[in-house]
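Visitor: Got a structure here, written out as structure tokens. Questions coming.
The values are calculated or read from the model by the stated rules, or taken from the named source; none is laboratory data. Just so it is clear, the model here is predicted, and its values are computed rather than measured. Cβ sites come from the backbone with ideal geometry, for glycine too, and all protein chains shown count toward neighbours. With ligands, DNA and RNA removed, areas are computed over all heavy atoms of the protein, side chains included. Shrake-Rupley method; radii C 1.70, N 1.55, O 1.52, S 1.80 Å.
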Amino acid sequence: MGAGSSTEAEREPLLVPSHAETNSPPVNSRVYGRRWLVLTLFSLLGLMQGMVWNFWGPIQNSAVHAYGFTKSDIAVLVLWGPVGFVPWLLFMWLMDKKGLRASLLLSAFLMLLGAALRSIPLTEQHFRRWLIHVGQFLNGLAGPTIMSAGPFLSTTWFAPDQRATATAVASLFSYLGSAASFVIGPLVVPAPNDTQAATTMVAAVSDSSIRDRIQLVMYAELAAIAVLFAAVLLYFPSRPPMPPSVAAASQRLSYRSSICRLLSNLRFLMIALAYAVPTGVIAGWAGVLDMVLTPAKVSQVDAGWIGFWSIVGGCVFGVAMARFADSIRGMLKLILVLMLAGASLSSTWFTLTCLSTFTHLPSTAAILYTSCILVGIFINSSVPIFFELFIETVYPVPEGITCGVVTFLGNLVTGLLLFFLTFYCTGKTGIPLVSIIHVL
């Protein structure tokens, strides 16, 4: 009797909400075709933000000759990306209170202003370097929204069976922008490999040519960002007229309650640590990849191709894994374990290859390239899967706030790595950075 009464009491509260959730909201749910336009605009902004952030690392040898930068300056230029995450709480609050349109418009404007400032062709090199630093910092301020809002956009606009794929596309396009910089920079901007043996007059002409090519790329990026800003200004709604799913229409926690819930959730913090350390290290490492591989006798162009294929491979593999996760739910943890295991083996292989003097293992260009590319593929492809796992772990915390916290932690790791790198920029820079990845 008591058991029967207890069972009814336990069942009734569960059955009523379930009936309301499964019958009422789907009647008013709808998926709009314009969601692809929204995703495209957001992804292209992420592409440009990643390109501007990773502009100087792949051409660091050319930048040293053209503008008088030091290796520490290059590390600081890359460091402005993580520094831009310092006011991340402000951007997450704006997204939560005013919607994605307001937050994205502000981020796009900061990108436009930063790209314009660094493109001003001043003849005084000291002031020119300052404008470049300010431009990189403003571009970094767009990072909290660009890198965190992908899951929020996918939940707001896409049906559940497309959500992981949309998250992967929105999240990985900023990485694809970094990959594009690895190719565009070294191909358009000439490397000053032969200037040391040339006369002073030839070296001066070469430096002027390098500056002209760098200026050309910066103008092109400025024009692309201006077009995207105008497009977002004309049309980028915060949400569709009707939600695409029950999850999109459900009530979420407030901003303050969400932060408290995240910081008190031990499981979330452990997963966040597993995300932040490898992705943060690989992001900072990729930003100065040319500097890292210079001691291994890898040219600026070859280093660019290594960075390109490692990121592009991660993006393609990440979208494929996200599509697989859309089809088979409940396997996110297993997928992540396999990816991180592959990253650990690849980074160990890469480290031992770079330390061939001590390990006496074969060190060829093919081995170096393959191991380095595999590290990027395994770690970069794990990003959208991590985001989906975060959302499932802390629901009903809003997706933008959740991913804002973890991307801040990842950029904190990146910032610490680049900060210490500014104090250690000798010819052996590659060894400690590789060792850090090996520790992971």
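Visitor: How would you order 169-176, 212-219 from highest to lowest mean count of nearby Cβ atoms within 10 Å? Before the final figure, lay out the partial values.
Guide: Working: 169-176: 26.2, 212-219: 16.4.
The peptides rank, most packed first, as 169-176, 212-219.
Visitor: Another question about this same structure. Work out the FRET efficiency for residue 126 and residue 86 from their Cβ-Cβ distance, taking R0 = 35 Å, and round it to the nearest 0.05. Intermediate values should be presented prior to the final figure.
Guide: Details: r = 26 Å, r/R0 = 0.74.
Efficiency, from the Cβ-Cβ distance: 0.85.
Visitor: Also, quick follow-up: Roll a 1.4 Å probe over the protein heavy atoms and report the accessible area of residue 183 in Å², nearest 10.
Guide: 20
Visitor: Does anything in the stretch 110-126 have its amide N under 20 Å from the 7 Å Cα→Cβ label point of residue 223, and if so which residues?
Guide: Zone members listed by number: 111-122.
Visitor: Determine, from the Cβ-Cβ distance of residue 209 and residue 334 and an R0 of 30 Å, the FRET efficiency 1/(1 + (r/R0)^6), rounded to the nearest 0.05. The partial results should precede the final answer.
Guide: Values: r = 52 Å, r/R0 = 1.74.
Efficiency at R0 = 30 Å is approximately 0.05.
Visitor: Arrange the peptides 234-243, 40-49 so that the one whose residues have, on average, the most other Cβ atoms within 10 Å appears first. Kindly include the intermediate steps, with their values, before the conclusion.
Guide: Working: 234-243: 14.3, 40-49: 23.3.
Highest to lowest by the protection proxy: 40-49, 234-243.
Visitor: Quote to one decimal, in nm, the extra length available between residue 34 and residue 254 on full extension: 0.36 nm per residue of separation minus the C-alpha distance between them.
Guide: Numbers: separation 220, 0.36 × 220 = 79.20 nm, distance 2.83 nm.
Full extension of this stretch gives 76.4 nm more.
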